Every structure is written in C-alpha cells, then in structure tokens.
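Heads up, the thing below is written out as structure tokens.
The values are calculated or read from the model by the stated rules, or taken from the named source; none is laboratory data. Note that the structure is a prediction, hence the values are computed from the model and not measured. Methodologically, a virtual Cβ is constructed for each residue, glycine included, from the backbone with ideal geometry; neighbour enumeration extends over all protein chains shown. Protein only, heavy atoms only, side chains kept; ligands, DNA and RNA dropped before computing areas. Shrake-Rupley method; radii C 1.70, N 1.55, O 1.52, S 1.80 Å.
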Amino acid sequence: MSLTKSKVGLIKTFMYESQTLSYTLHVNPRLKHLYIQVHPEKGVIVKSPSPSLLYIEKVLSEKASWIFTKMNASKGRILLKQLFEEEGKILYLGEPILLHVSQTPQSFYTEKTIPLVMRLVEEWSFIMGVKPTKISFRRAKKRWGSCSYKNELSFNLTLAQLPLECITYIVIHELSHITHKHHQKAFWECVESFMPEYKRCEKILKNHSPSFS
C-alpha cells in the first residue's frame, strides 16, 4: 500500500485480488458514515469520519466489486469536454457532430435544448394531464432534470446531447413527479404507462455525462 498527499486530499492505493485500486481520501470527523464516490474524471473518492486506514480499506474491500463495476462503467461514459477537446466534436441527439467555429458548446446546447424541451413538455403535459408551475434550465454536473414540491421543473442545458428518445423519457420522468413525489412503485408505473421502453433509456443515460466540465 502507498500514501501520498495532494492538494485535493490523500492519494492512497491498495491491492485487491491482484488489482490496484487508487483513491483520494478526505477525512472529516463530522461525518457519521464513510462515503464512496466513483467519478468519471476524478476517480474513486472516499470521505471518512475516521483516519484509520485499516477501517477504510476494510470497507473498500467489502465494496470492491461494486467499485470496479462502477469504474468500468465510467470508462465507457462519453464526456462532452473530452470529446470536444480531442476531436472538436460535440454530441447532438446522440450523434457526434463538428461544432461551427462561431459557436461554443454552451451556446450550442442552450440554442438547441431549450426549444426542444419546451416543445416536449408542452406535448407531454397535455397527454399526461399535468401542468408544471415553472420551467427553467441550468447547467448541472449530475442531474438531467428535477421537479420541486411546487411542481417547478428544471432541466439540464446539455440535454440536446442525448438521443431524442432519452430526452423524451427525462421529460416524462419529471412530469410524472408532479403526481408522484417519490420513486416508488406507483411512480414507475406512471412512467411506464407513457413510455414502456423507459428502461432502455436508463441504460443509455449511464453512458452519458450531464456535465460539460
């Protein structure tokens, strides 16, 4: 095992069944539990209330199978920033395209996402018999969309990167939250009633990152 310091935390490595796992450790005594995050760019991040490496690596060993599965999945995720910097391309409706020199990725997605999502919300809110109180757009690192308890919908400005089927699913998903403020059985039955193939979209979304940064 090895341990080095960095500006973002302690960089730690240990062996698990002939595989080397590197992770960044943040110790915070105010935490109640140990948290593990697998980030597509930053790698494995561990936040622990205890500085005990014996305790930390015991938990990591128990979660190793899940960690390596998440790491392998993140390797296949399409990162917008990487695609743009390496190939000068961005994703539009699921397909890589060259960006015009007069545009930035942010301006492109703002131009394409807002009218597309607004049209889908209008169509599906009518079909589903619900009505959001407000619709807004923002840049988010993790979430494609959200619905508040006031039935205000918020969507990620990079939604236009996704296949149209997936964008439609996200709209239906958030509109379903107007009626069901949870992810229990009734909610998923509602989603499925309007989009029987929603599970296929869930799988596709795992290969895309909402964030451009």
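On a per residue basis, the chain carries 60 Å² of accessible surface, using protein heavy atoms and a 1.4 Å probe.
Taken about its Cα centre, the chain carries a charge dipole of roughly 920 debye when the Cβ of each Lys and Arg holds +1 and the Cβ of each Asp and Glu holds -1. The overall shape of the stretch 33-134 is oblate: from the C-alpha gyration tensor, with semi-axes ordered a ≥ b ≥ c, the ratio a/c is 1.5 or greater and a/b is no larger than b/c.
In this structure, Glu95 and Ala64 have a Cβ-Cβ separation that, at R0 = 35 Å, corresponds to a calculated FRET efficiency of about 0.45. Ranking Ser193, Ser176, Val101 by Cα position along the charge dipole of the chain, where only Lys, Arg, Asp and Glu carry charges on their C-beta atoms, puts Ser176 farthest toward the positive end.
Oblate is the label for the stretch 47-195, because a/c, from the alpha-carbon gyration tensor with a ≥ b ≥ c as root eigenvalues, is 1.5 or above and a/b does not exceed b/c.
Sites listed here are trypsin sites (Lys or Arg not before Pro) in the stretch 135-191 whose DSSP assignment is loop and whose Cβ has at most 14 other Cβ atoms within 10 Å: Arg139, Lys141, Lys142, Arg143, Lys150, Lys181.
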